[in-house]
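The values are calculated or read from the model by the stated rules, or taken from the named source; none is laboratory data. Just so you know, these numbers come straight off a predicted model, no measurement behind them. Here the Cβ is made from the backbone with ideal geometry for all residues, glycine too, and neighbour counts use every protein chain on show.
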Amino acid sequence: MPAQKRVRFADLPQTPSPSWSSSSLGSSPGPFTPPQPFPAPVIPTVFRPPEIPAWQQRVPPFMPVVPSPPCFSALGLSNVEPERGPAIDPLLVVPHHHAHPPPLRWDVAEHPNYIQLGSVGSPGARDLSHSDLASCAVRKSANGSPMMLKRITLVFPGHPLIVEVLPEGRPLWTSTSLPYLTVGDVLYGLYRALRLSAGRREFDSLSRSRRESVSRAFERRLASDRRNYHENMRYGVRNVDYLGETRRFLGLRPAEGGEIPRGCRRGEVFVVELASVR
């Protein structure tokens, strides 16, 4: 009988860091099944973006600050008619037509400092600016009045992942704190949530084929990042390994029906649409 491969998991502390909580994956009851991707009760991962580790930085994290953008200003939108659904910033919204490329070029396994705007080969491609990152991520209408959201929940149908993103409490993208969730909060929050170590209980609850798929993704990640091999081994399987090769960010769309976890409200839950990186 061939020897079975062992998949490593991190030994996480019992008391979570004050900057984020990883209790969601460890508290989901019963085995995971794709037709019912969100068994209740599930507590989502809460993320508040901390400092970016220096060894992960491609570009300086703190460029000259820009003034707070007038994104979705309540004053400018006072006469806006009620909307049917939430409005997502153009940088984050999934394209309405499959033939249209997404506005961001990003493999979610890569640090957000690698994100570029524009399609591959486009002469207008550029890095994200602080003005881009400071834009309001999502707004919706409440009783006919525009409301900028301060919290959203991200889901990945077919995967045992739920991420709650909150705004950073201190200025990052501008010289002053912003009263809403920014594009930067969402992008960096998604990245850090996917970097968290996966729970053994959730891994063991997957089908054999799914476990093998996640194990292969873990092994490929180790092989592709020899420079940080020992650190990756220390943290073991991460949430991003659940995604396999489906890591190309297409955008967000409002969650519908059974995609909304129990206890969450419609209009505040969004599906992360991804495509193959191949």
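Residues are listed down the side, and each one gets a yes or a no for (1) under 30 Å from ILE88 (Cβ atoms); (2) touching a residue at least 24 places away in the same chain (Cβ under 8 Å); (3) in contact with a Gly (Cβ under 8 Å, 6 or more places away or on another chain):
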| residue | (1), (2), (3) |
| --- | --- |
| ALA193 | yes, yes, no |
| ARG227 | no, no, no |
| THR246 | yes, yes, no |
| PHE249 | yes, yes, no |
| GLU256 | yes, no, no |
| ARG265 | yes, no, no |
| ALA275 | yes, yes, no |
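When GLU202, GLU273, GLU219 are screened for being part of a helix (DSSP H, G or I) and more than 13 Å from PRO160 (Cβ to Cβ), only GLU219 passes. The residues in the stretch 134-173 that are part of a strand (DSSP E or B), over 23 Å from LEU194 (Cβ atoms) and either at pLDDT below 80 or not hydrophobic (A, V, I, L, M, F, W, C) (or both) can be counted, and the count is 6.
Among the criteria (1) within 13 Å of PRO160 (Cβ to Cβ); (2) touching a Ser or Thr at 6+ places or on another chain (Cβ under 7 Å); (3) among the hydrophobic types (A, V, I, L, M, F, W, C), the one VAL183 does not fulfil is (1).
Taking the stretch 174-186 as the range and being over 17 Å from the mean Cα position of the chain (by Cα) and assigned to a strand (DSSP E or B) as the test, only THR174 passes. Taking the numbered list (1) closer than 14 Å to HIS159 by Cβ; (2) in contact with a strand residue (DSSP E or B) (Cβ under 8 Å, 6 or more places away or on another chain) in turn, GLY236 passes all entries but (1). Residues being without any contact (Cβ under 8 Å) to a residue 60 or more places away in the chain and over 25 Å from LEU250 (Cα atoms) are represented in the stretch 178-191 by at least one member. The lone criterion from (1) at pLDDT below 90; (2) among the hydroxyl-bearing types (Ser, Thr, Tyr); (3) under 19 Å from TYR180 (Cβ atoms) left unmet by SER131 is number (1). Has the stretch 254-275 got any residue that is more than 19 Å from ILE152 (Cβ to Cβ) and surrounded by fewer than 18 Cβ atoms within 10 Å (Cβ to Cβ)? Yes, the stretch 254-275 has at least one match. If you go through the stretch 232-246 and pick out every residue that is assigned to a helix (DSSP H, G or I) and either within 15 Å of ARG192 (Cβ to Cβ) or within 20 Å of the chain's Cα centre (by Cα) (or both), you end up with 7.
Here SER215 passes the criteria (1) under 24 Å from ILE115 (Cβ atoms); (2) touching a residue at least 24 places away in the same chain (Cβ under 8 Å) except the one numbered (1). Reported count of residues in the stretch 97-111, each being among the aliphatic types (A, V, I, L, M), under 16 Å from the mean Cα position of the chain (by Cα) and not in a strand (DSSP E or B), is 2.
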